[in-house]
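Here's the structure, in structure tokens; my notes come after.
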């Protein structure tokens with residue numbers, strides 16, 4: 001199998017690439033990434049010389065580039081993770097989210113459709129999405145299911161909802177063999193430090209303020225990124241075409257409770273007096289349109305495909321903190337931007 005994974009230098013994508021390269025040596029894995037600020041090939045140094053792995057620098061908003069690549073490579077499958085994903089950035093620059101998440105996805109769909117020419121035997125287009133397309137839960141007893149109506153509340157979630165609709169439309173109109181997943185918040189090694197957990201770890205380590213939106217009452221369901229990669233593997237190989245599967249960790253936490261837990265873990269790991277890091281918590285003006293609660297009902301993928309999360313949140317958070325403390329050079333290179341000049345220079349003319 002020739003498998004294209006888009007966004008494979010990013011946080012979730014790098015874990016998916018690593019899993020497929022190591023688990024399926026008979027596959028040829030192509031990692032397509034534009035190496036924007038969130039793409040970092042340092043995430044994949046352990047497998048970059050694997051004989052079944054190829055990195056390709058390219059942008060999914062470039063339709064001709066995709067058409068030419070599909071024609072040359074003859075991909076059998078696509079796992080599409082490339083996306084702009086940070087809500088705050090979508091509020092200040094929504095058009096970049098429209099271009100990457102909507103136009104880029106349609107470009108990929110067209111490239112696959114034109115390459116496969118109706119011969120869909122052994123082919124699969126897997127679109128990875130987010131639980132944010134469902135909007136916000138206000139009843140503490142409610143959960144997002146695969147039948148929950150879409151109600152996106154931010155430019156980011158609106159762009160992902162649109163891309164989801166296009167994938168389903170291509171499955172219905174052109175019979176393209178598609179499958180989709182909507183996942184809750186991921187955390188773990190290699191997480192880009194604009195996101196909550198790595199940002200807090202970085203700031204605690206450097207005695208910087210810990211900014212918490214509003215009163216910190218917003219609730220998120222957290223999933224260890226390696227468990228998400230395992231779920232993607234499961235759905236890619238076992239998922240029913242045309243179906244959607246929600247992926248979640250059954251780990252709901254208020255933001256303020258999560259930050260306090262991180263403070264406790266970091267104080268212990270750094271040998272600080274308990275309560276030291278919590279003094280750094282600073283409440284800031286809430287994000288515009290901040291969804292109150294996300295929570296995934298993941299019983300469909302568990303019951304039909306046999307997947308389930310392997311880690312509870314506290315255990316996964318300990319592993320995450322340990323990784324960041326053991327890889328401070330990686331974190332420093334990302335926060336300083338040094339990683340970009342190195343890899344973008346390396347692939348500038350490719």
Report summary line: Expected single match for within 19 Å of residue 201 (Cβ to Cβ) and touching a residue at least 12 places away in the same chain (Cβ under 8 Å) among 298, 278, 326 is 278
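Could you check segment 241-266 and list, in sequence order, the residues that are farther than 12 Å from residue 307 by Cβ, assigned to a loop (DSSP other than H, G, I, E, B) and touching a helix residue (DSSP H, G or I) at 6+ places or on another chain (Cβ under 8 Å)?
Of everything in segment 241-266, those that are farther than 12 Å from residue 307 by Cβ, assigned to a loop (DSSP other than H, G, I, E, B) and touching a helix residue (DSSP H, G or I) at 6+ places or on another chain (Cβ under 8 Å) turn out to be 241, 242, 251.
Between 95, 99, which is within 25 Å of residue 290 (Cβ to Cβ) and free of Cβ contacts under 8 Å to residues at least 12 places away in the same chain? Explain how you work it out, then say what you get.
Numbers: 99 fails: free of Cβ contacts under 8 Å to residues at least 12 places away in the same chain.
On inspection, the qualifying residue turns out to be 95.
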Query raised in the report: Hey, does segment 319-338 have a residue that's in contact with a helix residue (DSSP H, G or I) (Cβ under 6 Å, 6 or more places away or on another chain) and closer than 25 Å to residue 132 by Cα?
Result: no
Requested in this report: Being closer than 22 Å to residue 269 by Cα and part of a loop (DSSP other than H, G, I, E, B) is the filter here, so list the residues in segment 195-237 that pass it.
Outcome: 195, 206, 207, 208, 209
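Would you point out which residue out of 221, 286 is surrounded by fewer than 16 Cβ atoms within 10 Å (Cβ to Cβ), touching a residue at least 24 places away in the same chain (Cβ under 8 Å) and closer than 27 Å to residue 144 by Cβ?
Values: 221 fails: surrounded by fewer than 16 Cβ atoms within 10 Å (Cβ to Cβ).
None of the others qualify; the one that does is 286.
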Report summary line: Flagged in segment 275-314 as assigned to a helix (DSSP H, G or I) and either under 22 Å from residue 233 (Cα atoms) or at pLDDT below 95 (or both), in numbering order, are 299, 300, 301, 302, 303, 304, 305, 313, 314
Query raised in the report: In segment 53-71, which residues are surrounded by fewer than 16 Cβ atoms within 10 Å (Cβ to Cβ) and either modelled with pLDDT under 95 or assigned to a loop (DSSP other than H, G, I, E, B) (or both)?
Result: 62
Requested in this report: State yes or no: is residue 75 touching a residue at least 40 places away in the same chain (Cβ under 8 Å), farther than 30 Å from residue 248 by Cβ and crowded, with 20+ Cβ neighbours inside 10 Å?
Outcome: no
Query raised in the report: How many of the residues making up segment 235-269 are at positive phi and at pLDDT 95 or above?
Result: 1
Query raised in the report: Just checking, how many residues over segment 1-38 are assigned to a loop (DSSP other than H, G, I, E, B), in contact with a strand residue (DSSP E or B) (Cβ under 6 Å, 6 or more places away or on another chain) and free of Cβ contacts under 8 Å to residues at least 40 places away in the same chain?
Result: 1
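Restricting attention to segment 241-256, does a residue exist that is out of contact with any strand residue (DSSP E or B) (no Cβ under 8 Å at 6 or more places or on another chain) and surrounded by 19 or more Cβ atoms within 10 Å (Cβ to Cβ)? Steps first, answer last, please.
Of all residues in segment 241-256, those out of contact with any strand residue (DSSP E or B) (no Cβ under 8 Å at 6 or more places or on another chain) come to none.
No, there is no match, as no residue in segment 241-256 is out of contact with any strand residue (DSSP E or B) (no Cβ under 8 Å at 6 or more places or on another chain) and surrounded by 19 or more Cβ atoms within 10 Å (Cβ to Cβ).
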Query raised in the report: Quick one: which of 119, 114 is more than 20 Å from residue 295 (Cα to Cα), more than 18 Å from the chain's Cα centre (by Cα) and without any contact (Cβ under 8 Å) to a residue 24 or more places away in the chain?
Result: 119
Query raised in the report: Of the residues that make up segment 60-76, is at least one closer than 29 Å to residue 329 by Cβ and touching a strand residue (DSSP E or B) at 6+ places or on another chain (Cβ under 8 Å)?
Result: no
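The values are calculated or read from the model by the stated rules, or taken from the named source; none is laboratory data. All values reported here derive from a predicted model rather than from experimental measurement. Methodologically, a virtual Cβ is constructed for each residue, glycine included, from the backbone with ideal geometry; neighbour enumeration extends over all protein chains shown.
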